[in-house]
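Have a look at the structure below, then the notes.
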Amino acid sequence: MKTYLGVLGWLARLCGGLAMLLLVAAVLVVTQMVVIRYVLNGSTIWQTEFVIYATTAAMLLGSPYVLALRGHVGVDVLVEAAGAGWRRVMNLIAAIASLIFVGAMAWSGMHFLLEALAGGWTTDTVWALPLWIPFWPLPVAMILMLAQLLADVVLALRPDLTPTNVAGV
């Protein structure tokens, strides 16, 4: 379990770093777009589309990192008020519900990615970006979240293991 969580932690940090780079790239492209449009009076072709896809990918790829850090927003008044046993039960229920939702997202994201690859889909813009490029972050992020949620289920079922005594992020 320690090795599994260690690998997940490494992958989560990698996704977090990639999300950060995508946000930096989006900011630089927006700056470049503003200069071209308003300083040089030129037109832009790909910049808006790139910024939309980059920020969406950053949000998706950042989600496994946030989940690994337990940085998501949650209402935990009842969880904190409960005893250790009930806390494990509530964490288990939350992890299983999340597994169902994230699993459905991973499944449909992989379906769209494979269809875009097989069909040679592109965007309907002048840029004609192959759609597998903006589609890949969804299944990748959801698969990593599934792996983290599976670890959460194991941690909820095994009280002898806690996130503080296993290798994680």
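The values are calculated or read from the model by the stated rules, or taken from the named source; none is laboratory data. A quick note: this is a predicted structure, and the numbers were derived from the prediction, not measured. Backbone-built Cβ (ideal geometry, glycine too); neighbour counts: all protein chains shown.
Here VAL75 passes the criteria (1) closer than 26 Å to GLY6 by Cβ; (2) among the aliphatic types (A, V, I, L, M); (3) at pLDDT below 85 except the one numbered (1). Mind checking whether some residue in segment 68-82 is in contact with a helix residue (DSSP H, G or I) (Cβ under 7 Å, 6 or more places away or on another chain), at negative phi and either of a type in the set (Phe, Trp, Tyr) or in a loop (DSSP other than H, G, I, E, B) (or both)? Within segment 68-82 (the criterion being in contact with a helix residue (DSSP H, G or I) (Cβ under 7 Å, 6 or more places away or on another chain), at negative phi and either of a type in the set (Phe, Trp, Tyr) or in a loop (DSSP other than H, G, I, E, B) (or both)), the answer is yes, since at least one residue qualifies.
Rundown of residues vs (1) more than 23 Å from the chain's Cα centre (by Cα); (2) assigned to a helix (DSSP H, G or I); (3) under 20 Å from LEU69 (Cβ atoms); (4) at pLDDT 90 or above, yes/no style:
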residue: ARG13; (1), (2), (3), (4): no, yes, yes, yes
residue: VAL35; (1), (2), (3), (4): yes, yes, no, yes
residue: TYR53; (1), (2), (3), (4): no, yes, no, yes
residue: ALA57; (1), (2), (3), (4): no, yes, yes, yes
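Residue-level check: of (1) part of a helix (DSSP H, G or I); (2) surrounded by 14 or more Cβ atoms within 10 Å (Cβ to Cβ), VAL7 misses just (2).
When LEU114 is tested against (1) at pLDDT 85 or above; (2) in contact with a helix residue (DSSP H, G or I) (Cβ under 7 Å, 6 or more places away or on another chain), just one condition goes unmet, and that condition is (2). Of all the residues in segment 25-56, those that are surrounded by 14 or more Cβ atoms within 10 Å (Cβ to Cβ) and farther than 19 Å from HIS72 by Cα number 15. Is it true that some residue in segment 14-24 is farther than 28 Å from THR122 by Cβ, in contact (Cβ under 8 Å) with a residue 40 or more places away in the chain and surrounded by 17 or more Cβ atoms within 10 Å (Cβ to Cβ)? Yes, segment 14-24 contains at least one residue that is farther than 28 Å from THR122 by Cβ, in contact (Cβ under 8 Å) with a residue 40 or more places away in the chain and surrounded by 17 or more Cβ atoms within 10 Å (Cβ to Cβ).
Residues that are assigned to a helix (DSSP H, G or I) and surrounded by fewer than 16 Cβ atoms within 10 Å (Cβ to Cβ) were ranked within segment 117-152; the one that is modelled with the lowest pLDDT is LEU150. Kindly indicate whether any position in segment 39-48 is assigned to a helix (DSSP H, G or I), aliphatic (A, V, I, L, M) and over 20 Å from the mean Cα position of the chain (by Cα). Taking every residue of segment 39-48 in turn, at least one turns out to be assigned to a helix (DSSP H, G or I), aliphatic (A, V, I, L, M) and over 20 Å from the mean Cα position of the chain (by Cα).
Taking each residue of segment 87-98 that is polar (S, T, N, Q) and looking for partners that are assigned to a helix (DSSP H, G or I) with beta-carbon atoms closer than 6 Å, six or more apart or interchain, yields ASN91/ALA156; SER98/LEU149. Within segment 85-108, the residues that satisfy the criterion of being buried (at least 16 other Cβ atoms within 10 Å of the Cβ) and closer than 14 Å to ALA147 by Cα are ALA95, SER98, LEU99, VAL102, MET105, ALA106.
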